[in-house]
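Before any comments, here is the structure.
Just so it is clear, none of the values below were taken in a lab; they were calculated from the coordinates. Quick caveat, the model's predicted, so the values are computed rather than measured. Note that we place each Cβ from the backbone using ideal geometry, even for glycine, and neighbour counts take in every protein chain shown.
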Amino acid sequence: MIRFLLNEQLVSLDNCSPDTTVLEYLRTKAEQRGTKEGCASGDCGACTVVLVEAKNGRLQYINVNSCITFVGSLHGKQLLTVEHLKSSGALHPVQQAMVEQHGSQCGFCTPGFIMSMFALYKNIAQPSRADVERGLAGNLCRCTGYRPIIDAALSLAGKGVTDQFSQAEASVYQQLRDIEETLPTAELSFANRRFFVPCNSDELADLLQRYPEAQMVAGGTDLALAVTQQLQQPDTLIYLGRVAQLQCLEEHKDRLVIGAGVTYSDAEPLLHKHFLPFAQLLERLGSLQIRNQGTLGGNVANASPIGDTPPVLLALNATLHIRTGHTYQQIAIDEFFTGYRQTALPKNGFIERIDIPIDHQQTHFVYKVSKRLDDDISAVCAAFSITLEDNMVVAARLAFGGMAATPARAFKAEQALIGQLFSEAGIIAAQQALTEDFSPIDDVRATGSYRLKVAQNLLLRAALEHQSTTDEPMEVVQYA
């Protein structure tokens, strides 16, 4: 059984298919159909809902895509939909702003925009235009256009939006804590299929021993697509979002420790402090709804050759801490990717945390090349960690995604770069060596020759940006 709040109603759910999504539950079980299905893949934002969690003595409001969120992950949370926003027949201030600014035409996308805007104002009392654009970037509108929608969001800035949810926060917080204390672990079952919600790594390790074919799901931003797009029906799912040991986020003098279950959104502030280019890459990894669910550990374990974070972790010389049963081991990220979507992760094992060394002598560069700036998959992703002495390269780690069957380092290019000035002239040999490191393929996103040329040009860009006397990146990010 799982328990959660649907607005203020306590729901106990037991006999339910483990691959049921929150969107499916809302529309077919709860019969709350204000939440719309657009793409069923986490792209359009029409299905956006807000999840409320009790963390660190307060409630945290998180907008997510309900189409790729499994209902089992609701355990111990509050689920809010567009139906819940009005109070005593009156529109919520966010809804009223959309009316006054004429932010809706056909209305299909409107509930998703409303919920993203609601989460924005619950988290940032006076958002800037940049905050608004970031908060709404995961919601698509085909007919109204974004100007009146953005105007609606900005019209509320600084007005101190209070509502029925503000008044009920103490009660909701206590109810969510009560669920956590009375039912720390939970389970859904249907026929012979199950969804487990363990609360610590011991339980997780035991479950993986008992169910060796189980699939682990953290954010589900990739795994859920197998259900919604390929109609797969996994027999056993194990949810990682409540495993305490996977949520650690620590700052040490010589390293950062990031639990495998930490979301991109939660990791971003710490990465922004120590590895700014990495944090800036995360801002382009999906939408806010995706970053609120997707995890660093999931992106690594997925082992996609075009995943955004593995090249950066390769360049940063990260170490993975693995647990299998009661056995612990460390695997250098260099040794983790063994083939196309294959890794050195032991059967029944899981990534518990990721350690990233802090070396203040290194200079970092991270680049993502894709067909659009936001919410897109890389054609090429590049990450460089360069150690310089008098502008001479004394150490280098050059890593790429989209260039091979796995995320990979360019070892020959690294050797060609060491001992050279980090300048336009000094990188020529390294650019040529890239042709020996990689033989990229043609696919729907780019040709192999394009990828190789881009990789060479990104190395040039890094050298030119390092020589530049301004902080402006060599990138066009706005066209109007």
Item to check | 13 Å beta-carbon shell around GLN420, net charge (K/R +1, D/E -1) | outcome: -4
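Mind giving me the FRET efficiency for LEU388 and GLN330? R0 is 30 Å, r the Cβ-Cβ distance, nearest 0.05 is fine.
Using R0 = 30 Å, I get an efficiency of 0.55.
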Checklist entry - Over what distance in Å are the Cα centres of the range 238-273 and the range 172-198 separated? => result 23
Checklist entry - How much net charge surrounds VAL82 when only other residues with a Cβ under 13 Å from its Cβ are counted (Lys, Arg +1; Asp, Glu -1)? => result +3
Next on the checklist: For the chain, take the longest principal axis of its alpha carbons; what is the angle in degrees between that and the long axis of helix 169-182, to the nearest 10 within 0 to 90?
Outcome noted: 80
Checklist entry - How far, in degrees from 0 to 90, does helix 428-437 lean away from the longest principal axis of the Cα atoms of the chain, to the nearest 10? => result 70
Checklist entry - By how many degrees, between 0 and 90 and to the nearest 10, does the Cα long axis of helix 110-123 differ from the longest principal axis of the chain? => result 80
Checklist entry - Quick one: length gained pulling ASP235 to LEU249 fully straight, 0.36 nm per residue minus the C-alpha distance? => result 1.9 nm
Checklist entry - If you take the C-alpha gyration tensor of the chain, multiply each eigenvalue by 5 and take the square root, what semi-axes do you get, largest first, in whole Å? => result 39, 28, 20
Checklist entry - Once phi is turned into ³J(HN,Hα) by the Karplus curve 6.51 cos²θ - 1.76 cosθ + 1.60 with θ = phi - 60°, what whole-Hz value does each residue of the range 260-269 show in order, with x for glycine and proline? => result 5, x, 6, 6, 4, 4, 6, 7, 4, x
Checklist entry - Once amide H atoms are placed 1.01 Å from N in the peptide plane, what residues at a sequence separation of 5 or more from LEU85, or on another chain, have their amide H within under 5 Å of its amide H? => result none
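Lys and Arg at +1, Asp and Glu at -1: add these up for the other residues within a Cβ distance under 11 Å of ASP163 and post the number.
Overall, the nearby charge balance is +1.
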Checklist outcome for this item: For LYS371, counting only lysines whose alpha-carbon sits under 24 Å away and dropping same-chain residues fewer than eight positions off, the answer is LYS453
Checklist entry - From the backbone phi of the range 291-296, what are the Karplus-calculated ³J(HN,Hα) couplings (6.51 cos²θ - 1.76 cosθ + 1.60, θ = phi - 60°) in whole Hz, Gly and Pro given as x? => result 5, 6, 10, x, 10, 5
Item to check | Using θ = phi - 60° and Karplus 6.51 cos²θ - 1.76 cosθ + 1.60, couplings along the range 145-160 (whole Hz; Gly, Pro as x) | outcome: x, 7, 4, x, 5, 5, 4, 4, 5, 5, 5, 8, 4, x, 8, x
Checklist outcome for this item: Given backbone amide H placed at 1.01 Å from N, residues whose amide H is under 5 Å from that of THR447, ignoring those fewer than 5 places away on the same chain, are none
Item to check | Amide hydrogen neighbours beyond the local backbone of ASP375, cut-off 5 Å, H modeled | outcome: GLY286
Item to check | Reach of LYS29 by Cα under 25 Å, taken over lysines that are not fewer than 8 positions away in the same chain | outcome: LYS77, LYS86
